[in-house]
Amino acid sequence: MAVPKRKMSRSNTRARRSQWKTTAANLTTCPQCKGQKLSHTACPTCGTYKGRQYAAALRTEHA
Amino acid sequence: MPTPTKGPRLGGGPAHERLILANLATSLFEHGRITTTETKAKRLRPLAERLITFAKRGDLAARRRVLTVVRDKSVVHTLFTEIAPTMAERQGGYTRITKVGNRKGDNAPMAVIELVLEPVSPKQAVVKEAEKATTKAAKKPAAKKTAKAADEKPAAEETPAAESAEETPAVEAEAPVAEAAAEEKSEA
């Protein structure tokens, strides 16, 4: 079985990991409360989705 | 080769998976609306809807089939006597899944799955009809032009006959389009 011959340097590891990037979530505005929300999801600020209310969707600032 | 189950597997084994889904179905029929992970909700939906179809049939054999999944007799009783009559008018789509964001502890995407207890609105049929009419109106002039180009000489005589001939295929062609639009709406 092929195995690495040398330990990978910290520099190389970090150079590889520098390409790990995140992308910002694509948000839409809630038609009910004008807050930002993920599309196809109940609004986290007012809890509505297509005119229906979902208490489970509500989020406070740090939850 | 047996067809694999659609969707991701749950639990530690087939028996565990069956138990999870049976318990989810029991609580759904007991409470009418449950909050669970998106994955479990998606796996539960076909099972729950099949059970409701059995409940709508309403005979003893159907009741025994349901009892093999939902072990609680009182829940099965409510399913057959309360839930099934409300679904009488509805042809499938008895449950609704709404995403409600991620869970705090493990960031798992959560969803609410609920029984659709609202009466079937006549609005949907009206909307479908209106869409059909608009597509028909949009297509008709285009179809007329092609017909005219094909037989230009007896154009004056042919147009009424051509119109009646065109109507039937046009309606057939539009039906899948309207259905697809309706499906998209129900999914969203």
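The values are calculated or read from the model by the stated rules, or taken from the named source; none is laboratory data. Everything numeric here is computed off the predicted structure, so don't read it as measured data. Because the Cβ atoms are built from the backbone with ideal geometry, glycine has one as well, and the counts that use them run over all protein chains shown. Ligands, DNA and RNA are stripped out before the accessible areas are found, and what is left, the full protein with its side chains, is counted by its heavy atoms. Shrake-Rupley method; radii C 1.70, N 1.55, O 1.52, S 1.80 Å.
Any residue in segment B:66-84 that's over 16 Å from B:L24 (Cβ atoms): show its pairings with residues that are assigned to a helix (DSSP H, G or I) at Cβ separation under 6 Å, as long as the two are six or more apart or on different chains.
From residues that are over 16 Å from B:L24 (Cβ atoms), the pairs are B:L67/B:V76; B:F80/B:A55; B:A84/B:A55; B:A84/B:K56.
When the residues of segment B:99-112 are narrowed to those that are in contact with a Lys or Arg (Cβ under 7 Å, 6 or more places away or on another chain) and open to solvent by less than 10 Å² (accessible area, probe 1.4 Å), which ends up farthest from the other protein chains (Cβ to nearest Cβ)? Reasoning before the result, please.
Taking segment B:99-112 and keeping what is in contact with a Lys or Arg (Cβ under 7 Å, 6 or more places away or on another chain), we get B:101, B:109-112.
Keeping just the survivors that are open to solvent by less than 10 Å² (accessible area, probe 1.4 Å) gives B:111-112.
On the way: B:A111: 9, B:V112: 5 Å.
Of everything passing the filter in segment B:99-112, B:A111 is farthest from the other protein chains (Cβ to nearest Cβ).
Condition first: open to solvent by 60 Å² or more (accessible area, probe 1.4 Å), closer than 20 Å to B:A111 by Cα and more than 12 Å from chain B (Cβ to nearest Cβ). Can you find one or more residues in segment A:1-21 that meet it?
Looking only at segment A:1-21, we keep the residues that are open to solvent by 60 Å² or more (accessible area, probe 1.4 Å), and these are A:1-8, A:10-12, A:14, A:16-21.
Still in the list and also closer than 20 Å to B:A111 by Cα: none.
No, the conditions are met nowhere in segment A:1-21.
Just give me the residues in segment A:36-46 being of a type outside the set (A, V, I, L, M) and either exposed (fewer than 13 other Cβ atoms within 10 Å of the Cβ) or within 12 Å of chain B (Cβ to nearest Cβ) (or both), in sequence order. Before you say what the answer is, go through the steps one by one.
We begin by selecting, within segment A:36-46, every residue of a type outside the set (A, V, I, L, M); these are A:36-37, A:39-41, A:43-46.
Correct list: A:K37, A:S39, A:H40, A:T41, A:C43, A:P44, A:T45.
I need a count of the residues in segment B:8-23 that are open to solvent by less than 40 Å² (accessible area, probe 1.4 Å), assigned to a loop (DSSP other than H, G, I, E, B) and among the small types (G, A, S).
1
Given the conditions (1) under 21 Å from the mean Cα position of the chain (by Cα); (2) modelled with pLDDT under 95, and given that B:T3 satisfies all but one, which numbered condition is not satisfied?
Exception for B:T3: condition (1).
Of everything in segment A:14-44 that's in contact with a helix residue (DSSP H, G or I) (Cβ under 9 Å, 6 or more places away or on another chain) and part of a loop (DSSP other than H, G, I, E, B), which residue is nearest to B:V100 (Cα to Cα)?
Applying the filter and picking the extreme gives A:A42.
Among (1) within 12 Å of chain B (Cβ to nearest Cβ); (2) open to solvent by less than 80 Å² (accessible area, probe 1.4 Å); (3) within 30 Å of B:E118 (Cα to Cα), where does A:C33 come up short?
(1)
Suppose the filter is more than 20 Å from the chain's Cα centre (by Cα) and open to solvent by less than 30 Å² (accessible area, probe 1.4 Å); does B:G32 pass it?
No: the conditions fail for B:G32.
Can you find a residue that is modelled with pLDDT of 95 or more, within 14 Å of chain A (Cβ to nearest Cβ) and under 30 Å from A:A55 (Cβ atoms) anywhere in segment B:57-73?
no
Could you check B:G93 against (1) more than 14 Å from every other protein chain (Cβ to nearest Cβ); (2) at negative phi and say which number it fails?
Checking B:G93 against (1) more than 14 Å from every other protein chain (Cβ to nearest Cβ); (2) at negative phi, the one that fails is (2).
So if I check each of B:T53, B:T26, B:T78, which one is assigned to a helix (DSSP H, G or I), of a type in the set (S, T, N, Q) and crowded, with 17+ Cβ neighbours inside 10 Å?
Values: B:T53 fails: crowded, with 17+ Cβ neighbours inside 10 Å; B:T78 fails: crowded, with 17+ Cβ neighbours inside 10 Å.
One residue alone meets the criteria, B:T26.
A:A25 fails exactly one of the following numbered conditions: (1) within 14 Å of another protein chain (Cβ to nearest Cβ); (2) hydrophobic (A, V, I, L, M, F, W, C); (3) surrounded by 13 or more Cβ atoms within 10 Å (Cβ to Cβ). What is the number of that condition?
(3) is the only condition that A:A25 fails.
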